[in-house]
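See below for the structure under consideration.
The values are calculated or read from the model by the stated rules, or taken from the named source; none is laboratory data. Note that the structure is a prediction, hence the values are computed from the model and not measured. Neighbour counts run over all protein chains shown; Cβ positions are idealised from the backbone, glycine included. Surface accessibility is based on the protein's heavy atoms, side chains included, excluding ligands, DNA and RNA. Shrake-Rupley method; radii C 1.70, N 1.55, O 1.52, S 1.80 Å.
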Amino acid sequence: MAISIKSAEEIELMRIAGKLASEVLLMIEPHVQAGISTQKLNDICHDYIVNSQDAIPAPLNYHGFPRSICTSVNHQVCHGIPGDRILKHGDMVNIDITIIKDEFHGDTSKMFTVGGPHAKSQRLIDITYQAMVIGIQQIKPGITLGDIGHSIQTFVEKNNFSVVREYCGHGIGRVFHEEPQVLHYGKPNSGVVLEEGMTLTIEPMVNAGKRHVRLLPDQWTVVTKDHSLSAQWEHTILVTTDGFEVLTLRPEESI
Ligand code: MF3
Ligand code: CO
Ligand code: CO
């Protein structure tokens, strides 16, 4: 399958889906407090997506995923399954939201700290956010996916953290994970050349320790092999005539 180029009408639907996904993160923020379970966060998001947004939580039943959002705590890298775990002071958690509205997907995630920021996690969270922004800010027609990956990897490693290689960003549209794969490491001037009308995610996973990961027996939750903390942020991006548009941007951000 070739990389899909979205029409003006499809882009308008992607904007709507992106905005809805971003609004789930805004809605859930005040609930991310010590004492809440990740299951409860899932249930609040599920109810909001289905009943307030009249949208579909894309993760639910996706290749058998059993919940509507992903919650990845501390050394969990991605695809954490909401459950009985109670968030406690000092935890950090990535909440990853993907919704479908009028057939189109919006995919975005954010790091939250529980009980205020903590020095040990805050630097990792900030560097990971900056890595995502550096990747996004290069986007325009004519650059390559290798350019994006290289800039993210260089920045992360300069800061003595590591980039997870087994999971990556992706094209997105009518399909949750479309071509191309968007690696967060690589060589400049290599790989797919971006074109106006492509939509893709940038979602670097950055470990405080080594880059290696392990899959838990639940077959979903990815954790760092060395048990070091891991952070991730994600946005859905449109390639425009001369740059990019962040389809999942929140009011607190300027990218
Ligand atoms: N939202 C994730 C991504 O950014 C994918 C989650 S797939 C699931 O691509 F099945 F784990 F939900
Ligand atoms: Co994604
Ligand atoms: Co996601």
Discussion item. List pairs: first residue in segment 138-158 and of a type in the set (Lys, Arg), second residue surrounded by fewer than 17 Cβ atoms within 10 Å (Cβ to Cβ) anywhere in the structure, Cβ distance under 9 angstrom, at least six positions apart or on different chains.
Written reply: 140/196; 140/240; 140/241; 140/242; 140/243
Discussion item. Please go through segment 1-42 and give me each residue that is more than 20 Å from residue 82 (Cα to Cα), charged (D, E, K, R), touching a residue at least 24 places away in the same chain (Cβ under 8 Å) and open to solvent by 30 Å² or more (accessible area, probe 1.4 Å), ordered by number.
Written reply: 10, 15, 19
Item to complete: Out of the residues in segment 84-110 that are more than 14 Å from ligand 1 (Cβ to nearest atom) and not in a loop (DSSP other than H, G, I, E, B), state the one that is farthest from the chain's Cα centre (by Cα).
Response: 86
Worksheet item: How about segment 170-194: which of its residues are over 18 Å from residue 2 (Cβ atoms) and either open to solvent by 30 Å² or more (accessible area, probe 1.4 Å) or in a strand (DSSP E or B) (or both)?
Response: 183, 185, 187, 188, 189, 190
Fill in: Selected residue (criterion: farthest from ligand 2 (Cβ to nearest atom)) from residues of segment 54-66 that are more than 23 Å from residue 164 (Cβ to Cβ) and crowded, with 20+ Cβ neighbours inside 10 Å
55
Worksheet item: Among the strands (runs of 3 or more DSSP E) contained in segment 195-252, which hold 1 or more residues that are within 20 Å of residue 165 (Cβ to Cβ) and away from ligand 1 (no atom under 13 Å from the Cβ)?
Response: 205-207, 213-215, 222-224, 230-232
Practice prompt. Quickly run through segment 67-83 and pick out the residues that are open to solvent by 10 Å² or more (accessible area, probe 1.4 Å) and either in a loop (DSSP other than H, G, I, E, B) or among the aliphatic types (A, V, I, L, M) (or both).
Written response: 67, 74, 75, 79, 81, 83
